[in-house]
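Peer 1: Encoded as structure tokens, here's the structure I'll be asking about.
The values are calculated or read from the model by the stated rules, or taken from the named source; none is laboratory data. In this text the structure is predicted, and so the values were computed from the model without any measurement. Positions of Cβ are generated from backbone atoms using ideal geometry, with glycine treated the same way; all protein chains shown enter the neighbour counts. With ligands, DNA and RNA removed, areas are computed over all heavy atoms of the protein, side chains included. Shrake-Rupley method; radii C 1.70, N 1.55, O 1.52, S 1.80 Å.
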Amino acid sequence: MSNDLKPHMAIVKDITIENSNTKTYVLEFADKQQHKNFTWDPGQFMMLSLFGVGEAALSISNIPEDGLISTTIRAVGNVTKKIKELKKGDTLGMRGPYGTGWPIKEAKGKNILLIAGGMGLAPLRGVINHIAIKRNNFGHLEIIYGARTPNDMIFTNQFRDWYQIEKSRLDLTVDGIPPGTPWEGKIGLVTSCFPAMKTRPQNSVALVCGPEVMMRFVAKCLETIGFKENQIFLSLERRMKCGIGKCGHCQLGPKYVCKDGPVFPYRDIKPYINPL
Amino acid sequence: MGNEKAFTIEKNDFGRLLEHLLKKYRVFGPTQRGLDATFNEIKTNDQLFLDYVSTVLPPKKFFHPPRLELFSFDLHQKHVKIEEIKQDEKTLLLGIHPCDVHALLRLDDFFLGEFQDPYYQNRRKNTVLVALNCIEPSDYAFCNSMGTGPFLEEGYDLLLTDIGTKYLIEIGSDTGQNILKGIQLENATTADFTEKNHRFKLLEKRFKRFINTSWLSKIAQENIDHEVWERLGEQGGVSGSLPCLSCGQCSLVCPTCYCYDVYDTLDLSLKKGKRIRELDSCQLLEYGEVAQGGNFRPNRKDRIRHWMLCKLGVAAGGQQSSCVGCGRCIRTCPVGIDITEVAKVLRGE
Ligand SMILES: Cc1cc2nc3c(=O)[nH]c(=O)nc-3n(C[C@H](O)[C@H](O)[C@H](O)COP(=O)(O)OP(=O)(O)OC[C@H]3O[C@@H](n4cnc5c(N)ncnc54)[C@H](O)[C@@H]3O)c2cc1C
Ligand code: FES
């Protein structure tokens, strides 16, 4: 019988520095056959292990078409700080993919509004890449991205490409600017980008990922301007210990975030995202 | 009418049955420890305490142990060697009560559904259940209300019922049938079954606690803002209890609480280690912790509500982690919280 809790070895193929505390890692299963058979939906996550340290849930930040698996990791604690020390060619444990991804199939033909805060852009990058290569399958694409400061943003070297995506708009905002940091975008919370927002509720879906307080505000604002509860999708974060609906840690009302989510229609979780 | 699938054995001859079981299995059963009963390994008949009322910990400890080594790893090479730690010993659990069997049936659904847990499955597959119908309800039990006791109808390999000077032995599975091969037993008679039914009727009247389960899950689900949670968690208490201390004992003694934590250990070489899982409780503050000092259930109220809702079948585990009425949480709670009283308040009784 297969053991979902037992990680498989993976090799770090490449590392990109995103900012002082965040890097993107390109990973490949050591077992070539396993790697070949591996696929996922943007929005799904992996459990990464450093043996002797522990395990953490991390979103896949690219699309299967890229061939290799990318994750973008902010060093905040035991596992992620150790991952930060890894070099090209180093190994780590990996299992997954887990959870439900973004509703890309249902979003076909619709306008897409992506709202991300901080690290929340990581699980959404796959959606942007997917839309970029299947441009005709979707309507207008609008990306609103906010971070605490310009130095906390990730994927900044890709913004230029995103600006070039046809029928799209990219709006950037930060909470504040440390002295001496150049910045041309807005200053304010992501919701301060709403007045200039182009996407209208009709025939649109909103995909939102960021800190939970931010998502609560965003969802509320979107509702006020006419988005229905089933047009808004949120990706939630919990401290996951298993990723497969067994350890209980990610429970949210009657759902497991790891298995029923992390992406949920707002409708399904609205009563529970005030802490339960 | 004699039942071809049932036998009897005189109580003073029970050692003969035990010896027969010990030939094939490591046997675990109820033993007396001070004023309490606990499940331990049984080697001789005098260790057995079949007249027990309830055990401190449920038999969950054999299937979902409080601390379990998942796998070992060896970091000497870049390609880390990972080895699953298996338990393949054939064991037999003797004298497990109906509510605890029902709890296992729920954990079966939980651990053997989507994403099967090989650790649970292995232990379960290798363990024979010789259940024992209750003789006396504990002061705290309400299995009768929950439909999980005091007598058992499913989930056993063999089922024992105390019918006076002997035990009635019923067979519930092929395994159960095979176990009895090679031991001489009396066939059960109609009178033996009459005695069993008679005892069941008497026993039913002896319960001190009840819960009205009709629509209870739904009522609980619709009352997540009820004032009872504030009283339970922060101030006031319910029906004479004090507010919850968040000690987590209820989870530890609950036969359907499954939550666990995971961590790694290293030995002195710092090159070899193990990944461990350990029972956890949603009552503990750390359980809901996230980044930057955040916590999804920062208040005791949030946590005790979550536990109660889980036991009433409306958390993520659904019925699979719900209450079987064993009463252990009521007995163990240092401040006297009683789920049957909470249910009454929720119903407006
Ligand atoms: C579905 C999902 C996808 C995620 N995707 C990404 C991603 O793409 N990139 C990324 O950098 N992070 C992501 N995270 C968050 C990541 O899992 C945590 O940062 C990580 O588990 C921290 O582990 P650690 O051992 O380094 O920290 P620990 O030493 O365990 O903890 C350090 C601090 O972080 C807190 N913390 C631990 N785990 C979490 C968590 N899951 N959520 C919030 N706070 C936590 C702790 O309470 C503590 O304050 C994701 C989380 C989930 C649930
Ligand atoms: S992470 Fe363990 S149940 Fe969801």
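Peer 1: Short version: ³J(HN,Hα) in whole Hz for each residue of segment B:158-166, in order, from phi by Karplus 6.51 cos²θ - 1.76 cosθ + 1.60 (θ = phi - 60°), x for Gly and Pro, what are they?
Peer 2: So the Karplus estimates, Gly and Pro as x, are 10, 10, 9, 10, 6, 10, x, 8, 9 Hz.
Peer 1: Give the percent of DSSP beta bridges with both residues in the protein assembly as shown that are antiparallel, rounded to the nearest 5. All intermediate terms of the calculation are to be shown ahead of the outcome.
Peer 2: Working: 73 of 111 bridges.
Of all bridge pairs located within the protein assembly as shown, approximately 65 percent are antiparallel.
Peer 1: List the cysteines in chain B whose Cβ has no other cysteine Cβ under 4.7 Å from it.
Peer 2: Flagged as lacking a Cys partner: B:Cys134, B:Cys244, B:Cys247, B:Cys259, B:Cys282, B:Cys310, B:Cys323, B:Cys333.
Peer 1: Please list, ordered by chain and number, the residues whose modelled amide H lies under 5 Å from the amide H of A:Glu18; skip anything fewer than 5 residues away on the same chain.
Peer 2: Amide H neighbours of A:Glu18: A:Lys23, A:Thr24.
Peer 1: Using modelled amide H (1.01 Å from N, peptide plane; none on Pro or chain starts), what sits under 5 Å from the amide H of A:Leu170, excluding residues fewer than 5 places away?
Peer 2: Residues meeting the amide H criterion: A:Ile143.
Peer 1: While we're here: Please turn the phi angles of segment A:127-132 into ³J(HN,Hα) values with the Karplus equation 6.51 cos²θ - 1.76 cosθ + 1.60 (θ = phi - 60°), one per residue in order, whole Hz, x for glycine and proline.
Peer 2: Karplus-based 3J(HN,Hα) across segment A:127-132 equals 5, 4, 4, 4, 5, 4 Hz.
Peer 1: Inside 10 Å of the C-beta atoms of A:238-246, what's the mean count of C-beta atoms belonging to other chains?
Peer 2: Average neighbour count from other chains, rounded to a whole number: 6.
Peer 1: Within chain A, which is the longest segment that contains none of the GluC sites (Glu not before Pro) sitting in a DSSP loop with at most 16 other Cβ atoms within 10 Å? Mind dumping the intermediate values first?
Peer 2: Numbers: sites that count: A:Glu85, A:Glu106, A:Glu166, A:Glu184.
Result, exposed sites excluded: A:185-276.
Peer 1: Take the cross-link list A:Lys88/B:Lys271; B:Lys5/B:Lys344; A:Lys13/A:Lys105; A:Lys105/A:Lys255; B:Lys11/B:Lys201 and give me the ones stretching past 32 Å between alpha-carbons. Display every interim value, and only then the final one.
Peer 2: On the way: A:Lys88/B:Lys271 21 Å; B:Lys5/B:Lys344 42 Å; A:Lys13/A:Lys105 30 Å; A:Lys105/A:Lys255 23 Å; B:Lys11/B:Lys201 22 Å.
Correct reply: B:Lys5/B:Lys344.
Peer 1: Partner chain Cβ atoms within 10 Å, averaged over the residues of A:249-257 - can you pull that number for me?
Peer 2: Working: counts 11, 3, 13, 3, 7, 9, 2, 3, 1.
Taking the mean over all residues of the peptide, I get 6.
Peer 1: Give the percent of DSSP beta bridges with both residues in segment A:111-269 that are antiparallel, rounded to the nearest 5.
Peer 2: Details: 5 of 30 bridges.
Counting DSSP beta bridges with both partners in segment A:111-269, the antiparallel share is about 15 percent.
Peer 1: Given an 8 Å cut-off on Cα distances and at least 6 residues of separation, report the relative contact order of chain A as a percent. Could you put the intermediate results ahead of the total?
Peer 2: On the way: 565 pairs, mean separation 48.5, N = 276.
It rounds to 18 percent for chain A.
Peer 1: Calculate, for chain A, the solvent-accessible area per residue in square angstrom, rolling a 1.4 angstrom probe over the heavy atoms of the protein chains. Kindly include the intermediate steps, with their values, before the conclusion.
Peer 2: Values: 11430 Å² over 276 residues.
With the other protein chains kept in place, chain A gives 41 Å² per residue.
Peer 1: Using the charge dipole of the protein assembly as shown (Lys, Arg: +1 at Cβ; Asp, Glu: -1 at Cβ; taken about the Cα centre), state which of A:Met94, A:Ala132, B:Ile219 has its Cα farthest towards the positive end.
Peer 2: A:Ala132
Peer 1: Amide H of B:Asn40: which non-local residues (sequence gap of 5 or more, or other chain) have their own amide H closer than 5 Å, using H built in the peptide plane?
Peer 2: HN-HN under 5 Å from B:Asn40: B:Gly29, B:Thr31.
Peer 1: Here's another thing I want to ask about it. Using the Cα centre as the reference, give the magnitude of the dipole from point charges on the C-beta atoms of chain B (Lys, Arg: +1; Asp, Glu: -1; all else neutral), rounded to the nearest 20 debye.
Peer 2: Numbers: 45 positive and 47 negative charges, 70 e Å.
Its charge dipole is roughly 340 debye.
Peer 1: Given the protein chains as shown and a 1.4 Å probe, how many square angstrom of B:His198 are accessible, to the nearest 10?
Peer 2: Answer for B:His198: close to 100 Å² accessible.
Peer 1: How big is the antiparallel share of DSSP beta bridges in chain B, given as a percent to the nearest 5? Can you show the working numbers first?
Peer 2: On the way: 40 of 52 bridges.
Bridges in chain B are about 75 percent antiparallel.
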